[in-house]
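The values are calculated or read from the model by the stated rules, or taken from the named source; none is laboratory data. Keep in mind the model is a prediction, meaning the values are calculated, not measured. Here Cβ is always computed from backbone atoms with ideal geometry, including for glycine, and neighbour counts include all displayed protein chains. Side chains included, ligands, DNA and RNA excluded: accessible areas come from the protein's heavy atoms. Shrake-Rupley method; radii C 1.70, N 1.55, O 1.52, S 1.80 Å.
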Amino acid sequence: MLSKETISIIKSTVPVLEVHGTKITTRFYQMLFERHPELLNIFNHANQKQGRQQTALANSVYAAAVHIDRLEEIIPVVKQIGHKHRSLGVKAEHYPIVGETLLDAMVDVLGDAATDEILAAWGEAYGVIANAFIGVEKEMYEEAENQDGGWADFREFVVAKKVVESDVITSFYLQPYDGGKIAEFKAGQYVTIKVKPEESEYTHLRQYSLSDASGKDYYRISVKHENDGVVSSYLHEKVVEGDKVELTAPAGDFVLNTDSDKPVVLIGGGVGVTPMMSMLNTLVEAQPEREVIFIHAAENGALQAFGEHVEELAGANRQVKNYVVYANPTEADVERGAFDLKGLIDLKWLKAAAGDVAAEADFYFCGPVPFMRVMKQYLAEMGVSDEHVHYEFFGPAASLEAA
Ligand code: HEM
């Protein structure tokens, strides 16, 4: 337990953190990688370059400081980050390294304002916050290991099949090299893949949503080839069937609730359709009575993944309604009559597509941040209650509140 004095010192530094948080965490990461270059095997270099990780860490330290005397209130957030950490192989022994470097970065940025008293209070508070993470993550490691077909760290998998899904998205079917069982997962969860491109000094980790239902003898990920994407370029261009990659067990708390039989609305933007595919396949297999509205917004037909598969499912399952939205359809798309809406989803259209079930349905969406921001806003305007709104970010969690 933290003393009253410590708590009041931490709270008094909150305004400073609010102003200098990102500066401190930016300096923190510079120092961390100077001192521990081996951590570059874990951290995403692209997130660093774009400053997204620095902001995510600053925000969470800030949130922890605000809640320092009632940390239990932010346990859901700790769990969400804990899933990410567990899936990346973050261990208890990493925490002191991060804590020490964070304090040194505070001294570096705040100068004399970082008094011994403030640093001692922060050192103590970091210990409490770190213990909350370590405790949550320890349970997650045990759970991952003890699950039937589960495992705690990285496990070798073979690329059994590579399937082109669109001009930019390819699926990889991954089977364990040891030939053993693989753990069941919940639709919406992701795995971390570890690769080491030849030209790279470090290993690279990326998290990809599983894009098929659980219960198969493979895990499927569907990867968009990103411009300059180290891992996606490697997977698309270099990896061939039969190659090995490493995976951690499925993780994540953005999951389809299969205990409910209320309608479900799944909305995917671009490659954000991947967790939605897992959810749709799961619903059709496991809850064939449950009404599903599936909406995929893509640039055009050439860039849309899984279009034919969803069409077939909707054709064969009366409870599934399928809507396709193309921002910029090609002539071929127009000739095929392949879409229901041209342009971007707007409130009126969404109301027409899903308004009838807005009062009771669970809504799940995933896509680029601007797309998710408007979806969240529309659902609020349609009166969908927060508990029925579920979404997942790709990359470090950002805020969806209008900036
Ligand atoms: C991701 C917070 C300790 C490694 C994150 C994220 C947050 C966070 C907010 C982003 C999660 C998201 O996007 O959903 C914290 C806090 C810590 C802590 C508050 C201490 C109390 C650590 C430690 C390590 C670590 C000790 C290991 C050295 C990572 C990595 C990511 C991550 C590798 C993924 C992001 C990337 O690769 O860019 N953490 N973390 N974290 N964290 Fe931590």
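For the chain, a simple Cβ point-charge model (Lys and Arg +1, Asp and Glu -1, everything else neutral) yields a dipole of about 380 debye relative to the Cα centre. Both numbers refer to the Cα atoms of the range 49-197; Rg and Dmax are 19.4, 59 Å. Once the chain from residue 142 to residue 198 is taken as fully extended at 0.36 nm per residue, the excess over their C-alpha distance is 16.8 nm.
As an exercise, take the mean of 1/r over every pair of distinct alpha carbons in the range 215-264, invert it, and state the Kirkwood radius in angstroms.
One decimal place: 14.3 Å for the Kirkwood radius.
Considering only the Cα atoms of the chain, their convex hull presents on average a projected area of 20.7 nm². For residue 391, the amide hydrogen comes within under 5 Å of the amide hydrogens of 365, counting only partners 5 or more places away or on other chains and with H modelled in the peptide plane.
Within the shell defined by Cβ-Cβ distances under 13 Å, the residues around residue 264 carry a net charge of -3, with Lys and Arg each +1 and Asp and Glu each -1. Accessible surface of residue 167, taken over heavy atoms with a 1.4 Å probe and every protein chain present, rounds to 120 Å². A convex hull fitted around the alpha carbon atoms of the range 265-403 yields 112 Å³ per residue. P(r) tail, the range 137-287: Cα-Cα pairs separated by more than 28 Å, 18% of all pairs. Averaging 1/r across all pairs of distinct Cα atoms in the range 1-114 and inverting the result yields a Kirkwood radius of 15.0 Å. Were the residues from residue 167 through residue 381 laid out at 0.36 nm apart, the gain over their Cα-Cα distance would be 73.5 nm.
Please report the relative contact order for the range 293-403, taking Cα pairs under 8 Å with a sequence separation of at least 6, and give it as a percent rounded to a whole number.
22 percent
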